[in-house]
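Each value in this text was obtained by applying a stated rule to the coordinates, not by laboratory testing. What you see is a predicted model, and the numbers here were worked out from it, not measured in a lab. Glycine also receives a Cβ, built like all others from the backbone with ideal geometry; neighbour counts cover every protein chain displayed.
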Amino acid sequence: MHKLHFRQLDETLYHEQLENGLEVFILPKKDFSKTYATFTTKYGSIDNRFIPHGSSEPISVPDGIAHFLEHKMFEKEDGDVFNQFSTHGASANAFTSFTRTAYLYSATGQIKENTETLLDFVQDPYFTEQTVEKEKGIIGQEITMYDDLADWRLYFGVIENLYKEHPVKIDIAGTVESISQITADHLYTCYRTFYHPSNMLLFIVGSADPEEMMELVRSNQAKKEFPPAEPITRLYPDEPKEAAVKSGSIRMSVQKPKVLVGMKPAVTDLSGSEMLKHELAMQLALELLFGRTSDFYHEAYENDLIDESYSYEFSLENGFGYAMVGSDSHEPEKLAEEISSTLQRAAEMWPFGEEDLNRVRRKKIGTFLRALNSPEYIANQFTRYKFNGMDLFEVVPTLEGMEVADLQEAFASISGEQQRTVFSVLPNRKGQ
């Protein structure tokens with residue numbers, strides 16, 4: 001077991017890669033009463049075309065299958081896994097993103113029992129055609145529910161406008177039609193391909209003894225047999241650099257229009273320290289341009305173009321990414337124009353210097369250090385970073401080494417007009 005001490009953060013991380021390929025990380029927190037654990041596979045909604053384990057020919061699977069599989073993992077022949085966690089005083093959950101599926105629990109006691117349950121249920125799939133058919137109705141209702149959420153439709157509307165071919169444009173849960181095609185065989189094929197220990201990561205943070213917990217995991221895994229690890233071949237279509245659609249809108253039952261301006265980054269092939277630096281630089285650049293101390297924010301607020309729903313974000317994964325800025329607004333078109341004008345002016349002449357960088361850097365470091373008090377943040381962010389070859393505990397040193405030119409370079413990757421789209425959710429017309 002390797003012991004990594006981060007003096008600047010006063011944190012000690014324990015790490016071991018087991019013989020079956022599973023990577024285990026344990027971060028003890030002396031003053032924490034709660035322990036939080038995530039067992040995550042590098043498999044998400046975008047992985048709908050791949051070469052299955054034991055095969056040489058690529059296949060395509062129905063959209064939404066990663067999310068469907070996440071749901072089905074909790075149901076076993078002898079009952080629901082949630083009951084086992086409850087018996088040991090734990091709260092369990094799971095989530096599927098574009099790139100990963102995570103199973104998790106939080107508890108203040110019986111950590112060994114809950115960790116055993118977490119490992120065992122994820123590594124023991126049970127699917128039948130009868131239970132799969134039953135789940136289609138449940139997930140179909142979930143999809144319908146999200147279809148009625150204006151903010152969700154706004155968010156995915158932007159992504160659909162930005163991407164022409166990449167499966168990131170497809171809703172994580174799929175569609176009612178796509179999930180109707182899922183079979184138990186599909187689920188087993190995806191499970192065998194993506195749920196091998198060598199494609200997974202266990203992270204435990206909180207009041208856990210690292211030596212005892214690592215021995216528990218070693219013992220648990222040694223009792224199980226897994227096929228030899230195989231490289232996973234994921235297949236994605238070529239994607240143009242420009243936005244697929246310049247603008248779009250839908251009408252829903254909302255009182256006030258909603259609008260987002262989306263930007264498609266030209267650089268999406270980064271990993272490791274390069275990706276970490278680029279992502280942090282982009283976040284700082286957007287903070288300067290659109291943060292709550294920016295000229296844009298103050299002018300938009302004074303002119304009643306934005307309200308408390310105003311937000312901006314940047315997300316980057318290997319192969320895709322997006323930035324978004326927007327708000328509920330009585331004048332969505334004018335707000336979109338102001339956002340686009342701000343982007344255009346910054347592209348023509350970068351308006352920020354060293355003093356501006358120092359200000360947002362201090363804020364970013366402070367926010368990050370506060371976030372390290374959250375076990376949930378640490379576990380989920382560490383896993384995402386690790387799957388992209390990044391290191392969560394290099395965030396502060398990377399920020400400290402940032403220069404103004406790094407922000408300019410990052411911003412340049414999203415500043416082109418052809419990479420931009422606008423999407424709005426507008427109120428229904430009278431009588432509708």
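Average projected area of the Cα convex hull of segment 247-427, in nm²? Write down the numbers at each step before the final one.
Details: hull surface 43.0 nm².
Answer in nm², one decimal: 10.8.
Within a Cβ distance under 10 Å of residue 278, other residues only, what is the Lys/Arg minus Asp/Glu net charge?
-3
What value, in deg cm²/dmol to 500, does the helix sum -39500 (n - 2.57) over DSSP H runs of n ≥ 4 give at 222 nm once divided by the residues of the chain? Walk me through the numbers on the way to the answer.
On the way: 15 runs with 178 residues, N = 432.
The helix-only estimate for the chain comes to -13000 deg cm²/dmol at 222 nm.
Regarding segment 10-62, what whole-number volume in Å³ per residue does the convex hull of its Cα atoms give?
Each residue corresponds to 137 Å³ of Cα convex hull volume.
Under a GNM of the chain (C-alpha, springs under 10 Å), which listed residue has the highest mean-square fluctuation: 89, 326, 64?
89
If you consider only alpha-carbon coordinates, what radius of gyration and Dmax does segment 335-408 have, in Å?
15.7, 42
Expressed as a whole number of Å, what is the distance separating the alpha-carbon centroids of segment 5-45 and segment 234-251?
One Cα centre to the other: 36 Å.
Over the alpha carbons of segment 2-234, what is the largest minus smallest coordinate on each principal axis, giving the biggest first in Å?
48, 40, 36
Can you run phi through the Karplus equation (6.51, -1.76, 1.60; θ = phi - 60°) for segment 21-38 and list ³J(HN,Hα) in whole Hz, with x for Gly and Pro?
So the Karplus estimates, Gly and Pro as x, are x, 5, 9, 10, 10, 10, 10, x, 10, 4, 8, 9, 8, 9, 10, 10, 10, 10 Hz.
Can you give the net charge of the other residues whose Cβ lies under 9 Å from the Cβ of residue 327, counting K and R as +1 and D and E as -1? Could the numbers behind the result be given before it?
Numbers: positive: 258; negative: 307, 308, 328.
Result for the local shell: -2.
Per residue, how big is the convex hull of the chain when only Cα atoms are used? Give it in Å³.
Cα convex hull per residue, to the nearest whole number: 155 Å³.
Based on the inverse mean of 1/r over its pairs of different Cα atoms, what is the Kirkwood hydrodynamic radius of segment 105-255, in Å?
It is 19.6 Å.
By count of other Cβ within 10 Å, fewest leading, how are 60, 178 ordered?
Starting with the residue having the fewest Cβ neighbours, the order is 60, 178.
Could you please report the charge total around residue 263, scoring K, R as +1 and D, E as -1 over all other residues with beta-carbon less than 12 angstrom from its beta-carbon?
0
Can you tell me the length gained on complete extension of the stretch residue 83 to residue 354, counting 0.36 nm per residue apart and subtracting the Cα distance?
Stretched fully, the residue 83-residue 354 segment lengthens by 92.1 nm.
Would you mind checking the tilt of helix 111-122 against the longest principal axis of the Cα atoms of the chain, expressed as 0 to 90 degrees and rounded to 10?
Helix 111-122 and the main axis of the chain meet at about 80 degrees.
When 11, 19 are ordered from fewest to most other Cβ atoms inside 10 Å of their Cβ, what list results?
Result, fewest neighbours first: 19, 11.
Which order do 147, 391, 328 fall in if you start with the one that has the fewest other Cβ atoms within 10 Å?
If I rank by nearby Cβ atoms, fewest first, I get 147, 391, 328.
By how many nm would the segment from residue 301 to residue 229 grow when fully extended, if each residue of separation counts as 0.36 nm and the alpha-carbon distance is taken off?
20.5 nm
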